[in-house]
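Student: Here it is, the structure in full.
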């Protein structure tokens, strides 16, 4: 249904001679493929919230594994780092965006420079006092290695460069929430019943 809705929306805009320069969606695979094949002149970006939500689930699952609870205090910081990566990367090349994201791998083991040639060091000041309340992870530890699998996964390497630097889908999500209140998905209505609701 999401793909069908997108196709109808794009047709509506084309019919009214409105060009779509940028399209921000969730990470739906069919939509990603359809946009790539049918909207060559449109920049397709992902809403950070959707990508962060997926990563957060994986990090929470990791924190429940044996000897991996040390990742718990880092979850919020990693989500914030993803938002920062997106927000600070407008009009930057994909390799630099990915390098900024992957710098978290060094940061969580208390290494703040030498990340890569494109993004050599963290942009924060020296961490002192309350800013250092989290325990650094140990390189080579089980939790660190499993965390690396999440941060550097093939999916993340494809999705991080596509993060939207400013636009989000929250307004549409809010609209759908209101529609679901009056026309819940678990109840089938006739066309006129749906239209009325």
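Student: So how many residues does the stretch 167-191 have that are part of a loop (DSSP other than H, G, I, E, B) and touching a residue at least 12 places away in the same chain (Cβ under 8 Å)? Break it down into steps so the answer makes sense when it comes.
Tutor: Of the residues in the stretch 167-191, the ones part of a loop (DSSP other than H, G, I, E, B) are 167-169, 183-190.
Then keep just the ones that are touching a residue at least 12 places away in the same chain (Cβ under 8 Å); that gives 167-169, 183.
Counting residues in the stretch 167-191 that are part of a loop (DSSP other than H, G, I, E, B) and touching a residue at least 12 places away in the same chain (Cβ under 8 Å) gives 4.
Student: Count, please, the residues in the stretch 28-49 that happen to be in contact with a strand residue (DSSP E or B) (Cβ under 8 Å, 6 or more places away or on another chain) and not in a strand (DSSP E or B).
Tutor: Start the filter on the stretch 28-49 by keeping residues that are in contact with a strand residue (DSSP E or B) (Cβ under 8 Å, 6 or more places away or on another chain), which leaves 31-32, 35-36, 39, 42-48.
This time we only want the ones that are not in a strand (DSSP E or B), so: 31-32, 35-36, 39, 42, 47-48.
Going through the stretch 28-49 one residue at a time, the tally reaches 8.
Student: Report yes if residue 79 is closer than 17 Å to residue 157 by Cα and at pLDDT below 90, otherwise no. First the steps, then the outcome.
Tutor: Working: closer than 17 Å to residue 157 by Cα: yes; at pLDDT below 90: no.
Considered against the rule, which asks whether it is closer than 17 Å to residue 157 by Cα and at pLDDT below 90, residue 79 comes out as no.
Student: Moving on. All but one of (1) farther than 25 Å from residue 166 by Cα; (2) surrounded by 13 or more Cβ atoms within 10 Å (Cβ to Cβ); (3) modelled with pLDDT under 85 hold for residue 126; state the number of the condition that does not hold.
Tutor: Just one mismatch for residue 126, condition (2).
Student: Of the residues 164, 153, which is in contact (Cβ under 8 Å) with a residue 40 or more places away in the chain, within 26 Å of residue 51 (Cα to Cα) and surrounded by 10 or more Cβ atoms within 10 Å (Cβ to Cβ)?
Tutor: Numbers: 153 fails: in contact (Cβ under 8 Å) with a residue 40 or more places away in the chain.
Unique residue meeting the criteria: 164.
Student: Also, quick follow-up: Please work out if residue 81 is part of a strand (DSSP E or B), within 23 Å of residue 161 (Cβ to Cβ) and either more than 11 Å from the chain's Cα centre (by Cα) or assigned by TED's automatic domain parsing to the domain that holds residue 159 (or both). Walk me through it before giving the result.
Tutor: Numbers: part of a strand (DSSP E or B): no; within 23 Å of residue 161 (Cβ to Cβ): yes; either more than 11 Å from the chain's Cα centre (by Cα) or assigned by TED's automatic domain parsing to the domain that holds residue 159 (or both): yes.
Taking the combined requirement at face value, the residue does not satisfy it.
Student: Count, please, the residues in the stretch 1-27 that happen to be modelled with pLDDT under 90 and in a loop (DSSP other than H, G, I, E, B).
Tutor: So the answer is 3.
Student: Of the residues 34, 101, which single one is surrounded by 17 or more Cβ atoms within 10 Å (Cβ to Cβ), in contact with a helix residue (DSSP H, G or I) (Cβ under 8 Å, 6 or more places away or on another chain), over 17 Å from residue 169 (Cα atoms) and not assigned by TED's automatic domain parsing to the domain that holds residue 143? Please lay out each step first, then the result.
Tutor: Working: 101 fails: not assigned by TED's automatic domain parsing to the domain that holds residue 143.
The match here is 34.
The values are calculated or read from the model by the stated rules, or taken from the named source; none is laboratory data. Because the structure is predicted, anything quoted here is derived from the model rather than measured. Ideal geometry is used to build each Cβ from the backbone, glycine not excepted, and the neighbour counts take in all protein chains shown.
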